[in-house]
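Novice: Sharing a structure here in structure tokens format.
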Amino acid sequence: MHHRNAHPSSTPGLFAVAVLCLFGCGPEAASSPEIPGRLELDVQSGRYFRDGGRVEYLPVADHWVWDRVDPATAAYCAYLTPQAVQRLEAAYAALDPDEDVPLPQVGEPGCESYAQGPEDLRALDPFLVHDPRNPNSPFPCHPLCCDSRLRPITNIYFGLDNNRAGIDWVDVGGNPIVVWDDTRTCTPTVTTL
């Protein structure tokens, strides 16, 4: 109800506040912050983004529903050791920026043990290795069947997950493989995709 004694200039002021709230609370205000780095590996459960030595693992929410796990709790940010960053950069530099890198055929190098692998592992979709220089990217890389040029890339990320989980990961000589720099901490920019 409008009162005769109401101050006429208050109506435009209230309108201006309402408009500012609408614009300030719109989709732009609620958008997620940009994820630092570039997408390098896409697995069934999430995606790995890297900026130098900093890695963010962001879970894909739909994957975690079956296990009744809040996907946000699986997100993490970590730093790679300088040696791991060097190995990763060398693996990317060794890729031809114009060549396609498909999955090998069963029995070919990189896919010799696929037929003998566990059925549940064989049923997994391939991971996708992203190379921003290459228009043919991303490249498939299955845990049991992967081109040898892509394996060093996926191994760094598997090593990171294993190191963070406290799982001993060793090379063929029995030496521990450490790719996680546990002296540095960071917080994920976002927690789910």
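The values are calculated or read from the model by the stated rules, or taken from the named source; none is laboratory data. None of the values given here were measured: they were computed from a predicted structure. With ideal geometry, Cβ positions are generated from the backbone for all residues, glycine too; neighbour counts draw on all protein chains shown.
Novice: Under 9 Å between Cβ atoms, which residue pairs at least 6 apart in sequence (or on different chains) link something in the range 71-95 that is within 28 Å of residue 192 (Cβ to Cβ) with a partner that is in a strand (DSSP E or B) and among the small types (Gly, Ala, Ser)?
Specialist: Pairs found: 71/46; 74/46; 75/46.
Novice: Before we move on, is residue 169 surrounded by 16 or more Cβ atoms within 10 Å (Cβ to Cβ), touching a helix residue (DSSP H, G or I) at 6+ places or on another chain (Cβ under 9 Å) and over 19 Å from residue 47 (Cα atoms)?
Specialist: Yes: the conditions hold for residue 169.
Novice: So, in the range 113-136, how many residues would count as being surrounded by fewer than 16 Cβ atoms within 10 Å (Cβ to Cβ) and of a type in the set (A, V, I, L, M, F, W, C)?
Specialist: Qualifying residue count for the region: 4.
Novice: From the residues in the range 172-181 that are in contact with a strand residue (DSSP E or B) (Cβ under 8 Å, 6 or more places away or on another chain) and either at pLDDT 95 or above or aliphatic (A, V, I, L, M) (or both), which one is surrounded by the most Cβ atoms within 10 Å (Cβ to Cβ)?
Specialist: Per the criteria, the residue is 179.
Novice: Residue 162 is checked against (1) touching a strand residue (DSSP E or B) at 6+ places or on another chain (Cβ under 7 Å); (2) of a type outside the set (A, V, I, L, M); (3) over 25 Å from residue 106 (Cβ atoms); (4) part of a helix (DSSP H, G or I) and fails just one. What number does that condition carry?
Specialist: So residue 162 meets the others, but not (1).
Novice: Scanning for something in contact with a Pro (Cβ under 6 Å, 6 or more places away or on another chain) and modelled with pLDDT of 95 or more, does the range 91-99 turn up at least one residue?
Specialist: yes
Matching residues to (1) within 14 Å of residue 50 (Cα to Cα); (2) of a type in the set (S, T, N, Q); (3) touching a Leu at 6+ places or on another chain (Cβ under 6 Å); (4) free of Cβ contacts under 8 Å to residues at least 24 places away in the same chain:
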{"residue": "157", "(1), (2), (3), (4)": "yes, no, yes, no"}
{"residue": "160", "(1), (2), (3), (4)": "yes, no, no, no"}
{"residue": "165", "(1), (2), (3), (4)": "no, no, no, yes"}
{"residue": "171", "(1), (2), (3), (4)": "no, no, no, yes"}
{"residue": "178", "(1), (2), (3), (4)": "no, no, no, no"}
{"residue": "186", "(1), (2), (3), (4)": "yes, no, no, no"}
{"residue": "189", "(1), (2), (3), (4)": "yes, yes, no, no"}
{"residue": "192", "(1), (2), (3), (4)": "no, yes, no, no"}
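Novice: Which residue, of 101, 85, 106, 55, is assigned to a strand (DSSP E or B) and either out of contact with any His (no Cβ under 7 Å at 6 or more places or on another chain) or under 20 Å from residue 160 (Cβ atoms) (or both)?
Specialist: 55
Novice: Could I ask something else about it? Collect the residues in the range 147-171 that are modelled with pLDDT of 90 or more and farther than 23 Å from residue 58 by Cα, keeping them in residue-number order.
Specialist: 147, 148, 149
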